[in-house]
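The values are calculated or read from the model by the stated rules, or taken from the named source; none is laboratory data. This structure is a prediction, so every number in the text was calculated from the model and none was measured. Cβ placement follows ideal geometry from the backbone for every residue including glycine, while neighbour counts extend to all protein chains displayed.
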């Protein structure tokens, strides 16, 4: 059983002792989402696990423009603002590997991936998901289109080697040695446009093989100490979501995986793409042996839903003054059409189907656009307008019925920003009830 010092270790021990326990992992760079997550964790007196992906945050800035240290400082600045204790925050790096450079040769892509892992280590991230599951430009794939499992294991060990070397150079009494997550069958980050099949669920054989191959690769690089801090394996549980469908958790299909993981005293399952799963499904996952529940787009989708509802309210209140309206929905649509980079490969079909997807898809590719200045300005105008005129409860009842009831019950105040934050917190409620 693991004996190292890390906040996640108690959760692993609890699961292994037969007491279902978990933590949800928030993968988002949205300021509202992070603020709500910290306030919620403070209210519940729990640790908060916040992760950034290799595409969001890397040594070149990622799509957020932030390097790992920038993201850490961004999170801590929000924590200072809401008075959430810094030592209760666990920073994680998600899908750390060559994915951003998969069109390059393995030498170039892995070189950049190693540099990225070093920067995450230097920034104090203490949970590292090593992900080398993708094929690179000069790789030969297996018959089923996947990369050879031995190559994946060797590359993940190489990434770990670079991380360990960096941590040991900076380690002091105030820093935690990192824990690692491995896996060779990893669901696509942020959802998929494909239709999922049950046959894509990780087999018991592949899970065991992944663990043994990765352990061997770690030992080949003298990473025995690091292997003791590998706490989780990412597998494909058949849960996923695409533009308009959620593939629900079916425990009957994955019990073989949990029988295998129980054979390893230090390992649990980390579930990706748990977004939009039902409350009962999340509870069942933790009961079955999942200790880390990853969530991202469901939170930014809740953010978008609330803002869109407020736009409907704004149009009613400013019906006779259209030039004063924020037109936020239209501003986002225009920006997404002008800069289609973040959605064009995910939304297919007719023009009408793409239009609906840009606004309402489960994949929520609109989350990439909220930091565009003209969109941020439209959000500011929306809030200003709805603070000038107190929103009638009848309109809140019409467009935000859950928040309406909470206002009536004196749980939240009738304030546009509080309405948005509450809609995000509703998603966290599901996860908290599961852990």
Requested in this report: May I ask you to list the residues in segment 287-301 that are surrounded by fewer than 24 Cβ atoms within 10 Å (Cβ to Cβ), on the phi < 0 side of the Ramachandran plot and over 14 Å from the mean Cα position of the chain (by Cα)?
Outcome: 287, 288
Query raised in the report: Could you list, in sequence order, the residues of segment 354-403 that are in a loop (DSSP other than H, G, I, E, B) and under 22 Å from the mean Cα position of the chain (by Cα)?
Result: 361, 362, 363, 364, 369, 370, 371, 372
Query raised in the report: In this structure, does residue 264 turn out to be outside any helix (DSSP H, G or I), crowded, with 19+ Cβ neighbours inside 10 Å and at pLDDT 95 or above?
Result: no
Requested in this report: Consider only pairs whose beta carbons are under 7 Å apart and that are at least six residues apart or on different chains; among these, list those whose first residue lies in segment 95-112 and is within 28 Å of residue 271 (Cβ to Cβ) and whose second residue is part of a strand (DSSP E or B).
Outcome: 95/53; 95/129; 96/128; 96/129; 96/130; 97/130
Query raised in the report: Do we find that residue 236 is modelled with pLDDT under 95 and either over 18 Å from residue 278 (Cα atoms) or assigned by TED's automatic domain parsing to the domain that holds residue 131 (or both) in this structure?
Result: yes
Report summary line: Per the list (1) surrounded by 16 or more Cβ atoms within 10 Å (Cβ to Cβ); (2) at negative phi, residue check on residue 273 breaks on (2)
